[in-house]
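Visitor: Structure in structure tokens, see below.
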């Protein structure tokens, strides 16, 4: 039986060493190639993924890895066990030295989002550790998430997947839906902040991939909040692969989530 929390924490230590070895833009930013996820692979992306892959290889377990750069890779005999990893979610922030990026790691016993049983997100800026167990709750630094959740009105909406053009197109449609907008740069962390009630909703303005949301969505759902790939529902059946199928909306209630989705469908 693999202790996935201990494994995830070991990956964090390895990635902290990688960050220390590549301390500035000069070391982190060079492009090494193109990842299977479609984005450029920079030096920091490649080094971070190599560290996580080495940890997985050391397990000697039968599993399938779904990762930003390598794509899908079979370890041993493969099977139903899947590990979905984005070693650096918020890589633009990481490259530029902005302290808001994370390790996102999910473990599933099957090929779909509803099969995720464990989610782990570590914020390398604040040091916060976000963990969820399917049916076991959501935790921040070992303490169950409780207290005030997202508001019934959308005071703060976190937007991710943001280019200038995407924001310019979306914001007019969101006028009257959300009072304030934040663009923080890590979809995984923005969803964690929704789970904690720090923001009231999250939208990704480009089609999301499972590697970006598989871990953090479990915190959102364990809190009883709503999340949907509104252009390719249902969320629970979303495949754990690298394809970009739909934009994502998440909020405290299905009604608010649907309202956000309706606004974005006009864009």
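The values are calculated or read from the model by the stated rules, or taken from the named source; none is laboratory data. Predicted model only: the values in this text are computed from it and were never measured. Heads up, the Cβs are rebuilt from the backbone with ideal geometry, glycines too, and the neighbour counts pull from every protein chain shown.
Visitor: Go through the range 42-69 residue by residue and tally those that are within 14 Å of residue 85 (Cβ to Cβ) and assigned to a strand (DSSP E or B).
Guide: Matching residues across the range 42-69 total 5.
Visitor: Does residue 201 satisfy the condition of being surrounded by fewer than 17 Cβ atoms within 10 Å (Cβ to Cβ), assigned by TED's automatic domain parsing to the domain that holds residue 258 and touching a residue at least 40 places away in the same chain (Cβ under 8 Å)?
Guide: Spelling it out, it is not the case that residue 201 is surrounded by fewer than 17 Cβ atoms within 10 Å (Cβ to Cβ), assigned by TED's automatic domain parsing to the domain that holds residue 258 and touching a residue at least 40 places away in the same chain (Cβ under 8 Å).
Visitor: Ok, one more. Name the pairs: first residue in the range 12-35 and under 18 Å from residue 51 (Cα atoms), second residue assigned to a loop (DSSP other than H, G, I, E, B) and modelled with pLDDT of 95 or more, Cβ to Cβ under 7 Å, at least 6 apart or on different chains?
Guide: These pairs meet every condition: 19/124; 28/22.
Visitor: Would you mind telling me which numbered condition in (1) crowded, with 16+ Cβ neighbours inside 10 Å; (2) modelled with pLDDT of 95 or more; (3) assigned to a loop (DSSP other than H, G, I, E, B); (4) under 17 Å from the mean Cα position of the chain (by Cα) residue 162 fails?
Guide: Of everything listed in (1) crowded, with 16+ Cβ neighbours inside 10 Å; (2) modelled with pLDDT of 95 or more; (3) assigned to a loop (DSSP other than H, G, I, E, B); (4) under 17 Å from the mean Cα position of the chain (by Cα), residue 162 misses just condition (2).
Visitor: Looking at 134, 182, can you tell me which residue is in contact with a strand residue (DSSP E or B) (Cβ under 8 Å, 6 or more places away or on another chain) and under 21 Å from residue 257 (Cα atoms)?
Guide: 182
Visitor: Are any of the residues in the range 27-39 farther than 24 Å from residue 217 by Cβ, assigned to a helix (DSSP H, G or I) and not assigned by TED's automatic domain parsing to the domain that holds residue 245?
Guide: Looking through the range 27-39, at least one residue is farther than 24 Å from residue 217 by Cβ, assigned to a helix (DSSP H, G or I) and not assigned by TED's automatic domain parsing to the domain that holds residue 245.
Visitor: Oh, and also: Looking at 83, 53, which one is under 17 Å from the mean Cα position of the chain (by Cα), in contact (Cβ under 8 Å) with a residue 12 or more places away in the chain and not assigned by TED's automatic domain parsing to the domain that holds residue 183?
Guide: Testing whether each residue is under 17 Å from the mean Cα position of the chain (by Cα), in contact (Cβ under 8 Å) with a residue 12 or more places away in the chain and not assigned by TED's automatic domain parsing to the domain that holds residue 183 leaves just 83.
Visitor: When you look at residue 83, is it buried (at least 20 other Cβ atoms within 10 Å of the Cβ), at pLDDT 95 or above and part of a helix (DSSP H, G or I), yes or no? Don't jump to the end; show me each part of the working.
Guide: Values: buried (at least 20 other Cβ atoms within 10 Å of the Cβ): yes; at pLDDT 95 or above: yes; part of a helix (DSSP H, G or I): no.
Answer is no for this residue.
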